[in-house]
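Quick notes on the structure that follows.
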Amino acid sequence: MGDRDERVLRLLLATALAVIIVGGTVDLVLDAPDRLLSAHVIYEVSMIVIALGITVALWRGWWRAEHSLVDTRRALEARQTERDAWRASAQAALDGLGRAVDGQFRSWDLTPSEREIALLLLKGHSHKSIARATNRSERTVRQHAVAVYQKSALHGRAELAAFFLEDLMLPGNAGQSTVLPVTSNSSSEKTALRP
């Protein structure tokens, strides 16, 4: 619901409650009851009090919702600012990594389509999501993936990711990472995977 629709709804509800309060008060005054504790007076006063209570409750709810929305927008802006700052600070490293990954893809003689698929696989996308994003069939994506693995002499997505990320460490953790030996299916050579 948009802000304009919300304002119209608020105005409509406030008008309806005001009509109930004013109408009940006017009706009570015009009736000029003989006794203040008659059933009619108690009913009219109850309706007026209930309408006033609903008005106050709705106003408080709207006020809280408005403030919550403002707080949520501020938090979202802060997260977006944080994300933008991270992207700016990491852009040079990401550009360098992108060039290095593309250089390796080219050294494996991957076609432009295979490089695109390999990069999306490296980013963790499934064959199905890659097919949707690139307007290819899932079968074509799988064929490109197989070609990437064959040309690179790797045996799947995990080895593709490990090829590029195994030496990646967090700052200050140099020499502290655990090396997990993994035996490749195509040779007896062992590669080290770092968690």
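Springs between alpha-carbon atoms under 10 Å, Gaussian network over the chain: tell me which of Ala51, Ala131, Ala32 tops the mean-square fluctuations.
Ala32
With springs connecting C-alpha atoms under 10 Å apart, model the chain as a Gaussian network and identify which of Leu13, Leu122, Leu110 has the largest mean-square fluctuation.
Leu13
For the residue pair Leu30 and Ala65, what label-to-label distance in nm results when each label sits 7 Å from Cα along the Cα-to-beta-carbon direction?
Calculated label separation equals 3.3 nm.
Who wins for biggest fluctuation among Leu120, Leu165, Leu28 in a Gaussian network model of the chain, springs between alpha carbons below 10 Å?
Judging by the Gaussian network model, the answer is Leu28.
Where the convex hull is taken over the Cα atoms of the chain, what is its projected area averaged over directions, in nm²?
Convex hull of Cα atoms, orientation-averaged projection: 21.4 nm².
Only the coordinates and a few stated rules stand behind these numbers; no lab work does. Computed from a predicted model, the values in this text were never measured in an experiment. We place every Cβ from the backbone using ideal geometry, glycine too, and count neighbours over all the protein chains shown.
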